[in-house]
Amino acid sequence: MIDYAALGQAIDIVFQLNTLLWLLVGISVGIGVGAMPGLQASTAVALMLPLTFTMPLGSALGLLIGLYKGAIFGGSISAISFSTPGTPEAAATVFDGYKLMRAGKGRKALLTALYSSITADLASDVLTIMIAPMLAIVALKFGPAERFWVMMLAITLIGSLSGDHLAKGLFSAAFGLFIGTIGTDPIGAISRNTFGLWWLSDGIPFPPMLIGVFAMAMVFNELLNPPMIDAAKDQARKLAENLLKKSEGLSAREFFRCWKEISIGFGVGSFVGLLPGLGATAGAFLSYAVARYASPSKGIGSGKIEGIAAAEAGNNATVGPTLVPLLAFGIPGSATAALIGGALVLQGATPSPRMFELFPHVIYALFIILIVGNIANLGLGRIFAFAYAKIGEVPKQYLIPVIGIMAIVGSYVYEENPYHVLLMLIFGLVGLVFRLCKIPEAPMVITFLLAPLAEENIRRALLIGGGDWVATLMNSPISIALAVLSLGSIVFSARVRVYQRIAEMRASELGDLRE
Amino acid sequence: MKMTWLKAFLAVVFLICAAATPASDAVAGDFPDKPVTWIVPFKAGGGTDRWARVLSSVSLDVLGQPLRIRNLPGSSAVRGWKYMLEQPADGYTVYQASPTPVIALKREKNPPLKPEQVKIVCFVSAFRNIVLAPPGKPWSTWEGLIKYAKANPGKLTFGATFSELSGTALAFNSAGVKVKLVPYSSTSDAVTDLLGGHIQVAAATESTALTLVPDKAVAILNGTKMPLSEKVSKELGNPPHATALGYKVINFPRWIGVHPDTPDEIVAKLSDKIGEMLKQPSLKKIMGKMGEEIIFVPHKDAQAQYDDIVKGVSEAVAALN
C-alpha cells in the first residue's frame, strides 16, 4: 500500500536544488574514488559521513547514495581501462572488459558497463520498493544451512568458468580454497595456516589479492615480452592522433542483445543482495558464471559485451535488496547499508521494524534518490566513459608502467598496510604462473571469496544441529532444493562437456576427411 | 681552583636537575604542540571510527591541535596497537579501541603483544550486552531461560559476536546453565538468525536491542556490569541486570590508550582534554543523535578498570573453551 501523503513529502525532500547538487557531487567524487584501485564504495561513504552531520535529510542521502553509485561505476572504469578492478565488485568485469579495451572498443565496453549497471540497479530498486517487507521475510528463511547450500550452488556453477581443462579449473579452485583458509578460524577464532606471521591473522584481503592476480600478473607478463624501442617511438608518434579519434560506441541493438545477461544479473544479484554477508562481488561472479553457463555459444570471457553486462548487472542488482534487512528490521545487510543506516540515525529516522510505519517519507525519499541517482549516474558516467575510453588507444609500453604503479599504490592505500603490497606482488607472480600455464583465475577468485563464507555457515549450522550432518544439511525444503540444484548443475556441466568433446571430435574427423 | 671546579660542577648538576625536573611539566604544559595521530584499528565507518571522527570535530577548540585519524585495521585490531607501540612514547600517537583486540590477544597461543602493553588514558563510552529472545517462548524471560536450559542442558542455542559471547558466557556460568554458544562475525548476522528462528537467543548492543524490542524480540538480561539508564531500561521492558543478580560479568568500554612509557603528566592532560571534548555541546548533540551514550572514566580510574577487564576476559575466554 502506497502512502501518497508520505510520497508527496518525499518528492518534496528530493527535488530540491541542494539535494540534487549533493547527489551530483557524490557521484563525481564516487566515480573518482571507485576508479582508484583499493578505495572502495564503503570507504568513500565512511569518509564523507561527517559532512552529513549538519545536512538536512535530502542532502545527506543525496551525497551518500551518489558516492555509493559513483564508486560502483568507477570500479568498472579501472577494471576495463587498466585490467585493475577499482573495487572487488568489478573484478568479474575484467575478463571481457580489458580485452575489449585493448581491441580499441573501450567506449563500447564502458557504456555496456554503465547501461547494464543502471538497468539492473533501477529494476532492483523498483523490486525493493514494491515488495521489501515480503523480500525481508524470504531472507529470514535462509539460515546457516541454507546459506551454505547457496555457496555450494555458486561453487558448482563455477565449473563453467574453469576453461577448457577441468583439471586446471579444479587446481585453481583448490588453490583458492587453501588461501581462503589462511587467517582466523571463523568459529574457534584461532589463527591457522598463517605460517607464523601475525599480520596474516585476518587472512588475505580481497582487494590486494585481486589487484595482484589481474593487474600485476599482466604487468609481469608484459615485462617478459619487452616491446621494441623503435616500435615504441612509432606508437608514441601516433598517440596524439589516436587520442583525437572517436572510439566505437554502443548501439541500441547491441545493448538489447544483452537482455538475457542483464536479466540473469538482475535475478541473481537481487537474490544475493537479500542474503546477509554475500555482497556485490559474489553477485557479480555468480551472475557471470550463470550467464556463461546459460549461453556457452556466446563466447563470454573472450572479450564480449555480454560478459560485462552479466557481471555489472549482477553486482548492481544487489544495491536495492541489500537495504531490505536494514529497512525491515534495522539490521544492515552490508557495510554500505550500515553506513546509510548510520546517516538515517543521525537524521532521527532510526531503522527498525516499524520504520515503514514511523518514517514512510524517509523510505520513499531514499528510494527516489536511488532512482534519480541512477539517472544522474547515466549522464555523468557517459562523460567519464568517453574520457577513459581513450586509454585503449595508449600504447602498452606507456600503459603498463602506469598499471604497475596503480597496482602498488592501490594495494597500499586500501588499508595503508605495506604487507598488502607484498601480498599483491606475490599474487602477481601467482597470476603470472597461472597465465603461463593457461590456468583460469576465476575458479581461484570465486572459491577464495565463497569458501570461507561456506565454511563459516556449515560449521555454525553443525553447531546448531548438534553435529548431525544429515539433519543439519537437509533441515528444510529450501536446503533440499538447493542441494538438488547443486547436484543438477554438476551433472549438467559434465554432460555439456561430453557433448562438446564429441562435437569437437566429429568436426576434426570431418576436417580429416576433407583433406 | 678546586673550589671553582666544584662550583662549576655543582652549577652544571643544578642546571641539569633544574632543566630535568620541570621537563615533564613543561612537556605536559606545552602538550600538544603539534597534531595528534589518532589510530583507529578498525575500518572507516564503524563505531570506533565514528567516535574518533566526532572527537576530531572538536579537538581544535579544546586541544588546540587537530587529530589526524588513521584507520589501521587488521589482525583483530592488533595491527594498529603494534603501530602505536612502535611510535615514540610522547602522547602524540593515541590508540582507540574496544575489547576486541584484548579478546583476540587472549585467544592467541603466541600473541604478538600483551594486553598490558598500554597506558589507559580514559574510557569514552561503553556498550551493554543485551540478551534477546523471541517473544512467546518458554525462554522469553531470564527465569524461563534458566529453567528451560536446566531442563535441556546444552540444547539452547545462543548466538553473538566473540565479545558478546565471552561476556554472556560468564553470566551463563554464574547462573549454572549450559547453553550452546554459536559465534557470529557480526551482531546483525546473529540477530538475523534469531529473527529467522535459526537460533534461540542472541546478544546485541542496546542500540540494536532498542530497534527490535518489543515488536520482534524481548530483552531478557543486561549481561554487563553497567546498569541501563532508567529511560532505556523502561523502553527495553526493564530486563534484569546481571550484576544485581550477583553474576560475575565484564564491561565493554570504548577505551583510549597510549604507549606504556608515556609520562603520566601527559596521559593525565590528555585524559582531562578528552573529558573536556566530551562536554562540548556539538559533540553531545551528535552522539545523542547516534544513540551513543557518553560514559567518561578518567585516567586515574580507567587503568584499574581496564586491568579488571583484562582479567575478566581471560576468565571468559577460558569459559568459551
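The values are calculated or read from the model by the stated rules, or taken from the named source; none is laboratory data. Since we're looking at a predicted model, the values are computed, not measured. All Cβ positions, even for glycine, are placed from backbone atoms using ideal geometry, and neighbour counts span all protein chains on display. Protein only, heavy atoms only, side chains kept; ligands, DNA and RNA dropped before computing areas. Shrake-Rupley method; radii C 1.70, N 1.55, O 1.52, S 1.80 Å.
Of note:
- Other protein chain C-beta atoms within 10 Å of residue C-beta, averaged over A:187-199: 4.
- Ordering A:73, B:162 by accessible surface, largest first, gives B:162, A:73; the 1.4 Å probe counts only protein heavy atoms, with every chain in place.
- Average accessible area per residue (Å²) across the stretch A:4-514 - probe 1.4 Å, nucleic acids and ligands excluded: 39
- Separation between Cα centres of the stretch A:135-213 and the stretch A:432-506, rounded to whole Å: 11
- Heavy-atom accessible surface of the stretch B:180-321: percent carbon and sulfur, 1.4 Å: 52
- Residue mean of other protein chain beta carbons inside 10 Å, B:197-203: 3
- Each peptide in B:296-309, A:317-330, B:100-113 gets a packing score, the mean of other Cβ atoms within 10 Å over its residues, and the list from highest to lowest is A:317-330, B:100-113, B:296-309.
- Three principal axis lengths of the stretch A:435-503 [C-alpha, angstrom, descending]: 47, 28, 15
- Chains B and A, summed buried accessible surface - 1.4 Å probe, Å², nearest 100: 3700
- The residues of the stretch B:99-203 present an accessible area of 33 Å² per residue when probed at 1.4 Å with all protein chains retained.
- In sequence order, calculated HN-Hα J values of the stretch B:226-237 (Karplus, 6.51, -1.76, 1.60; Hz; x Gly/Pro): 6, x, 7, 5, 4, 5, 5, 4, 5, 5, 8, x
- Taking 37 °C and 0.692 mPa s as conditions, the stretch A:4-514 diffuses translationally at an estimated 139 µm²/s according to Stokes-Einstein applied to its Kirkwood radius (Cα pairs).
- Rolling a 1.4 Å probe over the protein chains gives residue A:202 an accessible area of about 80 Å².
- Degrees, to the nearest 10: B:142-151 long Cα axis against longest axis of chain B: 70
- Taking all protein chains as they are arranged and a probe of 1.4 Å, the heavy atoms of residue B:289 leave approximately 90 Å² accessible to solvent.
- Highest mobility in the GNM of chain B, judged by mean-square fluctuation with C-alpha springs under 10 Å and restricted to B:44, B:244, B:202, is found for B:244.
- Counting only residues at least eight positions apart within a chain, or on another chain, the lysines with an alpha carbon under 19 Å from that of residue B:155 are B:137, B:147, B:178, B:180.
- Listed pairs B:231/B:279; A:69/A:438; B:106/B:231; A:168/A:304 exceeding 26 Å between Cα atoms: A:69/A:438; B:106/B:231
- Of the residues in the stretch B:69-106, those shielded by at least 10 Å² of accessible area once partner protein chains are present, compared with the chain alone at a 1.4 Å probe, are B:70, B:71, B:73, B:74, B:75, B:76, B:79, B:82.
- Heavy-atom accessible area order for A:414, A:398, largest first, 1.4 Å probe: A:398, A:414
- For the stretch A:18-167, the average shadow cast by the Cα convex hull is 11.9 nm², which is a quarter of the hull's surface.
- Fraction of accessible area attributable to carbon and sulfur, the stretch A:1-134 (%, probe 1.4 Å): 71
- Complex-versus-alone comparison for the stretch A:337-382, residues with a loss of 50 Å² or more in accessible area, probe 1.4 Å: A:346, A:353
- Cα centroid separation - the stretch B:145-165 against the stretch B:187-201, whole Å: 13
- Ranked from largest to smallest solvent-accessible area, with a 1.4 Å probe on the protein heavy atoms, A:130, A:406 come out as A:130, A:406.
- Mean ellipticity per residue at 222 nm, deg cm²/dmol - from DSSP H runs of n ≥ 4 across the protein assembly as shown, formula -39500 (n - 2.57): -20500 deg cm²/dmol
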